[in-house]
Amino acid sequence: MEEALKQKANLLRQSLEKSQITTEKIMAALDTFDRRLLSIDSAIRPIQEIMPVYMRCHENVSKCLRKTEVIVSQFDRIREAEVVIFKGPGEDLNGFLDAMDQLIRISRFFNSRKSYQARESTLQHINRLLADATRMTENEFHKMLTAVSKPVDPMSLFDCLPSKTKASDVSTANHDDITDISANDELATESRQEELTYKLPTLISPRYINPLHHLAARLVLVGHHTQCLNIYRNARSNALQKSLEYMGVQKIGKDELQKMQWETLEAKIPNWIDLMRICVKLLFAGERKLCDQVFEGIEDSFLDQCFMEVTSSSLTTLLSYGEAVVKIKQSPEKLFMLLDMYEMMCELQPELPGNVDSASWRIQDRGSGGRVAVCTINFADFTGSSKQLGSKIKQCKDQAQSYIFLMNNIHYMVTSVRKTEAARELLGADWIQRQRRVVQQNANNYRRVSWTKVLEIISSKGLLSSSGGSSNPIENSVSTSAPKDAIKERFKNFNTQYEELYHKQCLWKVHDRELRESLQLAVSEVLLPAYRSFLKRFGPIVENSKSKCIQYSPEDIERMLGELFEGKTPS
């Protein structure tokens, strides 16, 4: 028993010794591993510290590469555009214009990269290419426009005119019959009026409009407005002038004018009236349409200037005959033809370009009692005075005033004719009715020119915000989120515009009381309801504001409108 215990003890001691040895070996191995870890950590730590720098360097290199790729791609595009530009626009116009647009975009790109060292030399190269492209564009625009700008065949214009038979039916209808026609007759009259419209001639084949438009747009885009205008004016004005020559229209020189007798001019007046109407309603209107198409999207001032320069020479040629008529010694037998000429010019005046030198036309009829009917027309503004023959002629700087002037003159002439039995029988009731319509037309033109802007200010457009519910804005109340500042600004603008018109038009004189009161009423009928509506709808939003922006009540407006056209300083 004792021996067995000794053996077990020995085995246990041997086992413990082996475990001790194993433990010592493991500890030695762990100590060696720890020292190696410390060594590895010491070696890695500098790399860890410098790694962010390497990462930033990598990012910078990547950015530089991307920028370089962008710049290199721009040079590739320059080379591509250069090849197309050198070929010219004749082979592929759209491709040429695209290449030109590409050069413009590349130029903007390098203009925005001021840090790029080769920027200046690159831009110089691009600008040289653009200069060449612009010169080629001008040449192509000139070549194409000149080639397609042909005079209009006079015979083709007859297809654009209203039916003479239908025109005669309308123009010769008895006035009393027109007043008393039934509803069916009114519809028939409207139908006839539609059939009397003028159809504009085709001055240039439609397939050339887009190419001309794109060429003109590029010239304007690169700042060659003047060159573009000159090319267009020369080509179209020459074609228009030749069209007039084909129609037998020639400018009357001063020497020729002095030799002409009234009988010679009188025989040509009806034809001249027809030619004026054809030229203005067909040729000039066609030129305006063509100008709008070729220069679509370009500022209106450029369009207007272009149209005026195209038509200036031809219009001067046309008006030279009218000037010849009014400059010849005046006599009673001239009255009938001059009245026809005057009526035609009144009809065409709104459609005439605004670039015609002044040309005063006087129509005199010395009847019993020395009555004189004077009518003076001026085609830049209207100038003159209808109060008496020999009054100082003053130029109307305001377009609305020109319509007031026309109303004064025509109304005075009609009144004079009505008061003189001989003149009334001579001219006829039909002529008086036509002149009354001209007076009304000028009244409408005055109201439109003077008050449209004021009415736009006191409209609800842009001020109402939908807050759900009914889709009808009249049924919706004004939202509390309505722009209060915008409403205040509307009232202030109205005050400014209205006061300006009020002070100016109080000084204008309409001599005839009936005509003056009808004008005041015409303005009141459109202004007062609009102002009352605007005040009722938006007044409560701003009435408690510190700045008093509501200065006038509807009653104030009504009272002040009654002071217009008195020729007096406003109270």
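Just so it is clear, none of the values below were taken in a lab; they were calculated from the coordinates. In this text the structure is predicted, and so the values were computed from the model without any measurement. Quick reminder, even Gly has a Cβ in these numbers, built from the backbone with ideal geometry, and neighbours come from all protein chains shown.
Quick notes on this structure:
- Across 143/199; 150/268; 63/114, pairs whose alpha-carbon gap is larger than 20 Å: 143/199; 150/268
- With 10 Å bins beginning at zero, the pair-distance distribution over Cα atoms of the stretch 1-67 amounts to 17, 18, 15, 13, 12, 9, 7, 5, 3, 0 %.
- All alpha carbon pair distances within the stretch 201-316 were sorted into 10 Å bins beginning at 0; the resulting P(r) in whole percents reads 12, 40, 26, 14, 7, 1.
- One quarter of the convex hull surface built on the alpha carbon atoms of the stretch 489-555 amounts to 5.0 nm², the projected area averaged over directions.
- For the stretch 100-139 versus the stretch 25-45, the spacing of their alpha-carbon centroids is 66 Å.
- Coordinate range of the alpha-carbon atoms in the stretch 518-571 per principal axis, descending: 37, 23, 11 Å.
- If R0 is 22 Å, the Cβ-Cβ spacing of residue 86 and residue 112 corresponds to a FRET efficiency of close to 0.25.
- Size of the stretch 53-121 as Cα extents on the principal axes (Å, biggest first): 57, 19, 15
- On the principal axes of its alpha carbon atoms, the stretch 3-141 extends 129, 29, 16 Å, with the longest extent given first.
- Peptide packing: for 282-295, 434-447, the average count of neighbouring Cβ atoms within 10 Å per residue gives the ranking 282-295, 434-447, highest mean first.
- Cα gyration tensor shape for the stretch 88-158, rounded if a/c is under 1.5, else prolate or oblate: prolate
- A DSSP coil position with no more than 15 other Cβ atoms inside 10 Å describes the following GluC sites (Glu not before Pro) in the stretch 43-112: 91.
- Placing a pseudo-label 7 Å from each Cα along the Cα-to-Cβ vector at residue 139 and residue 381 gives an inter-label distance of 4.8 nm.
- When the inverse distances between all different Cα atoms of the stretch 221-277 are averaged and flipped, the Kirkwood radius reads 14.2 angstrom.
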